[in-house]
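Here the structure comes first, spelled out in structure tokens, and everything after it is commentary.
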């Protein structure tokens, strides 16, 4: 099979690999692409696991066949087996027709299973069977089917930890990790930051037709210094936001640092917000962590509302008038007004519902995009929509 230079691979698949870490990964990618071996891609959220999966498929002998991408965390547990393996007519109430699953659709090609750590344990058993002998059964059928599929899986979880707490099957993990490609976080490959900024800026300017004066050298230094908890995905969002906020002007370190500090303002307000909401603790389930992330955003909104009301009360006090009531009564009334204003603040649940509604409105009802905007999984978003009857 033909081999390509790293530069050619980067050009073909839109990858930036100035750092030694990424160049080594692309060497490994080209090697594993030559076979049909199962690959497990690990790394933090936003590091670019899907583009590595697409590169493996694109360099393989299956490149002219379909690659089916599946986000396991976005599919409700009750229908995930039907989605993956298909179902027969009448298998359940709404199964009015026979349906092929993702594995059948990917026959002769590649299936990419993202967020594999979210796969329910019952489904893990059936997935292991596909890996071992290429066999599966549609939901509602007793007949085995065979499929020829190359499997690439990805996760941002520590699967060994999941195995140790019995949330992920050990036999499936050992079968998946035939080849493990770890994508390092952006803070471990800072040589890629400047070329990524230039790439994202150029793409955004072309697609949005906005003017941009580019990024100064000290702005680039500020971007390199930042830790990037959201990795490449966060970097793209920051670059695009700065171009929108500074149209046609050169962006300097001051604008970069101001924008990054606003993004990560601690959601704390004296007298009103209890510290019990913060921080997001480790060793919690993904849904608990995601719920707390939503709370962070909601508490930030609540803090802004409180600060605005404090500002208005101090900026525009009541007009001076002759008080016929004792001062103590007047002060009590003033306190009552303030207490009423506080009591009128929306609850956490109301703000959460409002935030989800707004995300759905801005994305035209596209739940996947809304989930990305809220930085939660689609599964969590579906649950919230059902919980609030949206």
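Here are the numbers for the structure shown:
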{"quantity": "Gain upon complete extension [residue 205, residue 144; 0.36 nm per residue less C-alpha separation]", "calculated": "16.8 nm"}
{"quantity": "Cα→Cβ-extended label distance, 7 Å offset, between residue 129 and residue 100, nm", "calculated": "2.1"}
{"quantity": "Gyration tensor verdict on segment 6-184 (Cα atoms; rounded if a/c is under 1.5, prolate if a/b is larger than b/c, oblate otherwise)", "calculated": "prolate"}
{"quantity": "Burial ranking of peptide ranges 194-203, 152-161, 358-367 (average Cβ count within 10 Å, highest at the top)", "calculated": "152-161, 194-203, 358-367"}
{"quantity": "Stretchable slack from residue 18 to residue 61, in nm (0.36 nm times residue separation minus alpha-carbon distance)", "calculated": "12.8 nm"}
{"quantity": "Computed FRET value (nearest 0.05) for residue 366 with residue 237, which takes r as the C-beta separation and R₀ as 22 Å", "calculated": "0.80"}
{"quantity": "Stokes-Einstein D in µm²/s, Kirkwood radius over Cα pairs - segment 94-134 at 20 °C with 1.002 mPa s viscosity", "calculated": "180"}
{"quantity": "Pairs of Cα atoms farther than 21 Å apart, segment 115-251, %", "calculated": "59"}
{"quantity": "Extended-chain gain in nm, criterion 0.36 nm per residue less alpha-carbon gap, residue 2 and residue 27", "calculated": "7.7 nm"}
{"quantity": "Stokes-Einstein D in µm²/s, Kirkwood radius over Cα pairs - segment 187-263 at 10 °C with 1.306 mPa s viscosity", "calculated": "130"}
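Values quoted throughout were computed directly from the atomic coordinates according to the rules given, and no laboratory measurement underlies them. As the structure is a prediction and not an experimental result, all values here were calculated from the model. Cβ coordinates were reconstructed from backbone atoms using ideal geometry, including for glycine residues, and neighbour counts include every protein chain displayed.
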